[in-house]
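Asker: Structure in C-alpha cells, see below.
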Protein chains: 4
Amino acid sequence: MWLRVSCDLAFDVETPTPFILMLRPRSGAEQWIERDEFKIAPNMSIIEFTDGYGNLCQRFVAPKGELTIYTTSDVKTSEFVDVDFGAPFVEIQHLPNDVLCYLLPSRYCESDRFNELANSIIANKMPGYQQVQAIEDWLRHTISYIPGSSVYPTSAIEVNQKGSGVCRDLAHLGIALCRSLSIPARMVVGYLHNLKPMDMHAWFEAYVGGRWYVFDATQTGIKGGYVSVGYGLDAADVAIFNQFGPAVHTLKQRVTVTQIKN
Amino acid sequence: MWLRVSCDLAFDVETPTPFILMLRPRSGAEQWIERDEFKIAPNMSIIEFTDGYGNLCQRFVAPKGELTIYTTSDVKTSEFVDVDFGAPFVEIQHLPNDVLCYLLPSRYCESDRFNELANSIIANKMPGYQQVQAIEDWLRHTISYIPGSSVYPTSAIEVNQKGSGVCRDLAHLGIALCRSLSIPARMVVGYLHNLKPMDMHAWFEAYVGGRWYVFDATQTGIKGGYVSVGYGLDAADVAIFNQFGPAVHTLKQRVTVTQIKN
Amino acid sequence: MWLRVSCDLAFDVETPTPFILMLRPRSGAEQWIERDEFKIAPNMSIIEFTDGYGNLCQRFVAPKGELTIYTTSDVKTSEFVDVDFGAPFVEIQHLPNDVLCYLLPSRYCESDRFNELANSIIANKMPGYQQVQAIEDWLRHTISYIPGSSVYPTSAIEVNQKGSGVCRDLAHLGIALCRSLSIPARMVVGYLHNLKPMDMHAWFEAYVGGRWYVFDATQTGIKGGYVSVGYGLDAADVAIFNQFGPAVHTLKQRVTVTQIKN
Amino acid sequence: MWLRVSCDLAFDVETPTPFILMLRPRSGAEQWIERDEFKIAPNMSIIEFTDGYGNLCQRFVAPKGELTIYTTSDVKTSEFVDVDFGAPFVEIQHLPNDVLCYLLPSRYCESDRFNELANSIIANKMPGYQQVQAIEDWLRHTISYIPGSSVYPTSAIEVNQKGSGVCRDLAHLGIALCRSLSIPARMVVGYLHNLKPMDMHAWFEAYVGGRWYVFDATQTGIKGGYVSVGYGLDAADVAIFNQFGPAVHTLKQRVTVTQIKN
C-alpha cells in the first residue's frame, strides 16, 4: 500500500537552541520512499548525518523566534506485516555482529531485571517468534495502552509497576522482556496508518528466524501500514527531536497518514 | 540558490538484470535536499543501502521489459563555491583517518605515475589551495573539454596522452595530480546549473586547509550551482547506475537543472 | 611509563555457553600496545569483531568443562593523565557527529533525571573542564568508594540513593551528571597501576575543549597509569565478559599490573 | 597449525617522514592471534586506527635517523585452506552490501577490460568456485611467477602483457579476471608458511557460495599456512608501509615464518 505521511511541528524558541531531528524515513528492505519533502524555517545552515544505527539526522541551531518543521513522504509499505510463527530463536553464536547490541540492557529497557517475569510469560512456548508473540499478547492484556498518558519516556520497570502507558512505554517493556530471553529487540519510531488518535507512533521489532519482525502491543485490528523513521535501543535513541538548552515551547505537532494508492 | 534537478532514464531490459543506482543526493554541510522524488517502474522490490563512501544506493533486479527511473530534487546550494587561496597543505599526520584513502591511487587515477608532471605544474606555488588551483588551470589550458567524446571512463594516463576528454576525464587527471602531491582528492558526480550541454556532471574536490574544496576544470564562467549526488575515489565508485549481465539498451537519459528560487 | 597488565579468568561451564569477551586493549592516541597475548583453552573456534564503539570483542561457544582465559599486554601509557582546567564546554553544534551519542541517557546513567543535582554541583564553575572537575570532587566527597560492595551494575539513581559503590558505580553517576549538563561522557573499563585492591577498573571520560579527558573519583593519589580496554555508554557496553544461558561458576579472576620500564 | 610470523624492517630516514603501516594481523573467522608484539624505535607518538576495510593501521612521523619496526605474532591458522568445488556463483542481488565494492575495477585490477579473456578462460566451467579455479590454473600456466622481479606494483593489464610477475602481480590479474565475471575478489597481504624465498606474500580471495575462499596461483605444493595481515581492493590498499615525502632508504626487510605447534 502507498501512504502519504506528514509531521508538522512548530516551536517558540526564546534563545538560540541546538536541535537534532530524526524525521527523514529511509528506504530499505521493508519500505520505499518515493517522495520526500523536508522544510525548515527560518532559513539556516542544516547538516544531515547518519547516526550509529543508520538513521538520517539533521543538526542545526534554531535562532530566536518561531521554528517550523514540515516533513512529508510518500511511502510504499506492506499492507500486512510479516508473521511467521515458525521463526526459531537464533542462538547467540549465529547472530550477526551488528545485531548483538540489541541484546544489551538500555536506558528504558532494563532487561537485566526481567528474566523471571519473561520466563513466566513464555512458559511452554516454542523458542523464537512464538515467545515474542506471547510477550506481545501479555502486554496487550496486562498493560493498558493510554495514548497521551505520559510526556517523558518511562522505563520498562516503571511501566510494569504502573500497569499502563503510551505506545513507547509498551514497546520498552516488550523489548526488555525479549532481551532478558536473549532475543534481540529494538525500538522503532514512525507512522502507522489508521492510528487513533493520530500521532507519531512507536513499536518494537524482534530478531528471530534470521530477520527482524514487527510487534505492536498497542494495536489489534491494524495489520500493516507501518512507516519506520528511526531505529535504536530505546526511546533515548529515537527522539524525533532532541533539543538542548532551555526548554522550547511547542506550538504545534500535527501528524497525518493517508492512503494514496493500493 | 535553489535548484530543481532531475534525471530521467529509460532502459530496454532483455533479461532480468541486477542494477545498482546512485541517484539520490544527500543533505550535508554544502547542500540541503528539501524535496526528493524517486520513481522506478515497473513495481519491484528495491533495497536502499549506504556504501563505504556514505552514498545512498538502490539495488534491485529489473525484469524483462522497459525500466524507467525518474528522480528529481529541490536543493539549496551555494551560488558561489567556496574559494580560499590561503588554505594550506595539510600534513599527512594531521589528516583525519577517513580522508587518508583519498591519497591512494585508484582505477582511473594512477597517481603513482604523475609525480614529475605534478611537480612541474605547481612549481613555485604555495602548498595547498594554490597548487590545486594551478592544477585546475593547467587542465583547463592543456586538456580539451569535449562533452560526449568518450563513453567509457578513461584513466588519467590515457587522458593525458589523448589531450582531451569529458568532465569525468578531466577530473580523473586532476585527482591523480593532486594525490601525487599527497593532497587528498575525490571524485564527485552530480548536477551543475547552466551546464552546456546539460547532462550529469563530474568534478573533483581537494582537501586543503582542513576541508574539501570544489574544483572543476571544465568550466570558466560558472561559479556555483553544484548539486552532489555521489562521492568516491574515481568514476568506478560513482556510476549513477551499474548494471550486471548482458548490456541493456538505454532508451533515454535526460537531465534538467532549473533555478526555482534565489 | 610502561605497564605489563594481565587478566586471568577461569570458569566452570556446565553446558555449552556462548561468550562475548572484551579483553584486548587497542592502541590509540593515548596508549600503545607493544605486546599482547590472548590465550583461551580449550581449543575452539573464536571470532573477533569490532563493536559499535570500536572495541575488539571475541565470540565463541565454550564447551562443557573448565574455560580459562589469559590475556596480558605490555602498554606504554602516560604517567600523568592530561589535565586542562581551561578546556571549555563544547557547544552542541560543534560536537563531532560520533560524539553526540555520549549525550544520551543510557541503562545505568539516567541523565534525564539529574539536571537539578548537576546544576547545584557546578554552580559558579566555568563551563567545561572545571564543571567536570567539580562533579568528580563532589563524587569523591559524597559517594563512598567501597571496592567489592556490589556485584551487579547499579544505576546512577541507585548509586546516588545508596551513597556508596564500586568504581563502576561512581563512574555511572559522574557520567549521568555530565550528560545532564550536555557534556558528552563515556565509560571506560581497563587497568590502573597501583589500584588497591587490584582488579579490573572503571572510570569515565568527558569531552571538553575538543577532546576526551580522564576522570576518576575513586582515586586521589594516583595520577596516571591507566590502560583502556573498552569504551561505551556505560557498564552495559563494556562488560569484560558477557555470558549467555545458565550462569557459569567463576573459578578465578586475577588481575595484575606491574611497571616494567619508565 | 600454529605459526610464528615476524617482519623486521629498518629504514634510514633523512627528514621527518610520515608513515602508515599495515602490519598487525587481526583475529577473525580464519585465524586467531594468540600473541602479538609490535616494536617501533625510536620512541614516538603512534596512533592506531581502523581503515575502511577493517585493517589495523599505525600512523606516525618518523624523525631523522634510523627507524626500526619489528612485529611478530603467534597465529593459529588452517593447515589446509578450504576448498569447495561446488560453491556456486552468488547472484548480484544476493551479495551482502559490504561485498559489492569488490566487484568494482581498481587501480591495479582493470576488470572493465578483461571480460573477453575471462570468458575464454572459464568456458564450460560451472559458475562459481570452478570458474575461479580455472582462473587460478590459467594464471599458474600462463604467467611466470618470478619473485623479486618487480619493485612497484604493476596492473593486471601490464602483468598480462608482460607474462610474468611477483605474487602481487598474479593476484592482480586473478582479481581482475574474477571481477570481470561479476565474482567479488579481493587482495590479501600476509605471511605464508614455507614460501620460498621467504618474504611478505600476496594472494587473492574470491566470494563464491556465500563466503570468501583463498586462491594463490604462485603455489602448487602448499595447501595452507596462510596468515592474513591486510585486505583491500588491490595493492594500493594493502601496502605494509606507506611513506610520504622524499623516499627513505630501506636498510632491512626480513620476514620469518616458523611452525611452533600443530
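The values are calculated or read from the model by the stated rules, or taken from the named source; none is laboratory data. Predicted model, so just to flag it, every value in this text is computed and none were measured. When we count neighbours, we look across all protein chains shown, and the Cβ atoms used for this are built from the backbone with ideal geometry, even at glycine. Surface accessibility is based on the protein's heavy atoms, side chains included, excluding ligands, DNA and RNA. Shrake-Rupley method; radii C 1.70, N 1.55, O 1.52, S 1.80 Å.
Asker: Out of region D:160-205, which residues are within 14 Å of D:SER111 (Cα to Cα), in contact with a Cys (Cβ under 6 Å, 6 or more places away or on another chain) and of a type in the set (Gly, Ala, Ser)?
Answerer: Within region D:160-205, D:ALA176, D:ALA185 qualify.
Asker: Also, quick follow-up: Determine whether B:SER144 is over 30 Å from B:ILE33 (Cα atoms) and either buried (at least 21 other Cβ atoms within 10 Å of the Cβ) or at pLDDT 95 or above (or both).
Answerer: Considered against the rule, which asks whether it is over 30 Å from B:ILE33 (Cα atoms) and either buried (at least 21 other Cβ atoms within 10 Å of the Cβ) or at pLDDT 95 or above (or both), B:SER144 comes out as yes.
Asker: Note down all Cβ pairs under 9 Å where the first residue falls in region A:19-39 and is on the phi > 0 side of the Ramachandran plot, the second is surrounded by fewer than 19 Cβ atoms within 10 Å (Cβ to Cβ), and they're at least six residues apart or on different chains.
Answerer: As it stands, the answer is none, since no pair meets every condition given.
Asker: Take region D:5-20 and flag every residue that is surrounded by 19 or more Cβ atoms within 10 Å (Cβ to Cβ) and touching a Ser or Thr at 6+ places or on another chain (Cβ under 8 Å).
Answerer: Result: D:VAL5, D:CYS7, D:LEU9, D:PHE11.
Asker: If you don't mind, another one. Quick one: which of D:GLY225, D:GLY210, D:GLY128 is on the phi > 0 side of the Ramachandran plot and in contact with an Asp or Glu (Cβ under 8 Å, 6 or more places away or on another chain)?
Answerer: D:GLY225
Asker: Is it the case that some residue within region D:153-173 is modelled with pLDDT of 95 or more, closer than 26 Å to B:PHE244 by Cα and surrounded by fewer than 18 Cβ atoms within 10 Å (Cβ to Cβ)?
Answerer: Scanning region D:153-173, I find at least one residue that is modelled with pLDDT of 95 or more, closer than 26 Å to B:PHE244 by Cα and surrounded by fewer than 18 Cβ atoms within 10 Å (Cβ to Cβ), so the answer is yes.
Asker: Please enumerate the residues belonging to region D:49-74 that are over 30 Å from D:GLY128 (Cα atoms) and either of a type in the set (Ser, Thr, Tyr) or more than 14 Å from chain B (Cβ to nearest Cβ) (or both). If you could, list the steps in order and put the result at the bottom.
Answerer: So in region D:49-74, the residues over 30 Å from D:GLY128 (Cα atoms) come out as D:49-50, D:56-74.
Listed by number, the residues that qualify are D:THR50, D:LYS64, D:GLY65, D:GLU66, D:LEU67, D:THR68, D:ILE69, D:TYR70, D:THR71, D:THR72, D:SER73, D:ASP74.
Asker: In region B:99-118, what residues are basic (Lys, Arg) and either under 30 Å from B:MET1 (Cβ atoms) or within 17 Å of the chain's Cα centre (by Cα) (or both)?
Answerer: Just the residues of region B:99-118 that are basic (Lys, Arg), to begin with: B:107, B:113.
Correct list: B:ARG107 only.
Table: residues versus (1) more than 18 Å from B:TRP203 (Cα to Cα); (2) touching a Phe, Trp or Tyr at 6+ places or on another chain (Cβ under 9 Å).
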residue: B:GLU91; (1), (2): yes, yes
residue: B:ALA123; (1), (2): yes, no
residue: B:SER144; (1), (2): no, no
residue: B:PRO147; (1), (2): no, no
residue: B:GLN161; (1), (2): yes, no
residue: B:ARG168; (1), (2): no, yes
residue: B:HIS172; (1), (2): no, yes
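Asker: Same structure again: How about region C:243-262: which of its residues are assigned to a loop (DSSP other than H, G, I, E, B) and among the aliphatic types (A, V, I, L, M)? I'd like the intermediate steps shown before the answer.
Answerer: Let us first name the residues in region C:243-262 that are assigned to a loop (DSSP other than H, G, I, E, B), namely C:244-248, C:262.
If the condition is that a residue be assigned to a loop (DSSP other than H, G, I, E, B) and among the aliphatic types (A, V, I, L, M), then C:ALA247, C:VAL248 are the ones that fit.
Asker: Which of the residues belonging to region D:75-98 are more than 10 Å from every other protein chain (Cβ to nearest Cβ), surrounded by fewer than 16 Cβ atoms within 10 Å (Cβ to Cβ) and within 19 Å of the chain's Cα centre (by Cα)?
Answerer: If the condition is that a residue be more than 10 Å from every other protein chain (Cβ to nearest Cβ), surrounded by fewer than 16 Cβ atoms within 10 Å (Cβ to Cβ) and within 19 Å of the chain's Cα centre (by Cα), then D:SER78, D:GLU79, D:PHE80, D:ASP82, D:VAL83 are the ones that fit.
Asker: Another one. Could you identify the single residue in B:ALA118, B:ALA134 that is without any contact (Cβ under 8 Å) to a residue 60 or more places away in the chain, aliphatic (A, V, I, L, M) and either under 22 Å from B:ALA235 (Cα atoms) or surrounded by fewer than 20 Cβ atoms within 10 Å (Cβ to Cβ) (or both)?
Answerer: Testing whether each residue is without any contact (Cβ under 8 Å) to a residue 60 or more places away in the chain, aliphatic (A, V, I, L, M) and either under 22 Å from B:ALA235 (Cα atoms) or surrounded by fewer than 20 Cβ atoms within 10 Å (Cβ to Cβ) (or both) leaves just B:ALA134.
Asker: Right, next: Assuming D:GLY221 fulfils every condition listed in (1) buried (at least 16 other Cβ atoms within 10 Å of the Cβ); (2) without any contact (Cβ under 8 Å) to a residue 60 or more places away in the chain apart from one, which condition is it?
Answerer: For D:GLY221, the failing item is (1).
Asker: I've got another one for you. Does D:SER106 satisfy being free of Cβ contacts under 8 Å to residues at least 40 places away in the same chain and open to solvent by less than 10 Å² (accessible area, probe 1.4 Å)? Before the answer, list the steps.
Answerer: Numbers: free of Cβ contacts under 8 Å to residues at least 40 places away in the same chain: no; open to solvent by less than 10 Å² (accessible area, probe 1.4 Å): yes.
So D:SER106 fails the test.
Asker: Would region B:18-26 turn up any residue that is under 21 Å from the mean Cα position of the chain (by Cα), at the interface with chain A (Cβ under 7 Å from one of its Cβ atoms) and at pLDDT below 95? It would help to see each step written out before you state the result.
Answerer: Step one: of region B:18-26, the residues under 21 Å from the mean Cα position of the chain (by Cα) are B:19-26.
If we keep only those that are at the interface with chain A (Cβ under 7 Å from one of its Cβ atoms) as well, we get B:26.
Those left that are additionally at pLDDT below 95: B:26.
Within region B:18-26, one or more residues are under 21 Å from the mean Cα position of the chain (by Cα), at the interface with chain A (Cβ under 7 Å from one of its Cβ atoms) and at pLDDT below 95.
Asker: So for region C:72-85 (the condition being touching a residue at least 12 places away in the same chain (Cβ under 8 Å) and farther than 27 Å from C:THR256 by Cα), does at least one residue qualify?
Answerer: Yes, there is a match, as at least one residue in region C:72-85 is touching a residue at least 12 places away in the same chain (Cβ under 8 Å) and farther than 27 Å from C:THR256 by Cα.
Asker: Which condition from (1) under 20 Å from A:GLN131 (Cβ atoms); (2) assigned to a loop (DSSP other than H, G, I, E, B) is the one that A:GLY224 breaks?
Answerer: (1)
Asker: Quick test of your reading of the structure: A:ALA123 fulfils all but one of (1) in a helix (DSSP H, G or I); (2) more than 14 Å from A:CYS109 (Cα to Cα); (3) not polar (S, T, N, Q). Name the failing condition by number.
Answerer: Condition not satisfied by A:ALA123: (1).
One line per residue, one yes/no per condition, for (1) under 10 Å from the mean Cα position of the chain (by Cα); (2) under 30 Å from A:GLY245 (Cβ atoms):
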site: C:SER149; (1), (2): no, no
site: C:LEU181; (1), (2): no, yes
site: C:VAL189; (1), (2): yes, no
site: C:TRP212; (1), (2): no, yes
site: C:ALA235; (1), (2): yes, yes
site: C:THR256; (1), (2): no, no
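Asker: Follow-up. Given the conditions (1) surrounded by 24 or more Cβ atoms within 10 Å (Cβ to Cβ); (2) more than 13 Å from chain D (Cβ to nearest Cβ), which single one is not true for B:VAL214?
Answerer: (1)
Asker: A further question on this structure: Take region D:172-226 and flag every residue that is in contact with a Gly (Cβ under 6 Å, 6 or more places away or on another chain) and closer than 16 Å to D:LEU103 by Cβ.
Answerer: D:MET187, D:PHE204, D:VAL208
Asker: Say whether the condition of being within 23 Å of A:HIS172 (Cβ to Cβ), among the small types (Gly, Ala, Ser), away from chain B (no Cβ under 14 Å) and part of a loop (DSSP other than H, G, I, E, B) is met by at least one residue in region A:99-119.
Answerer: Among the residues of region A:99-119, not one is within 23 Å of A:HIS172 (Cβ to Cβ), among the small types (Gly, Ala, Ser), away from chain B (no Cβ under 14 Å) and part of a loop (DSSP other than H, G, I, E, B), which makes the answer no.
Asker: Residues being at the interface with another protein chain (Cβ under 8 Å from one of its Cβ atoms) and within 19 Å of A:VAL5 (Cα to Cα): count how many of those fall in region A:39-48.
Answerer: 1
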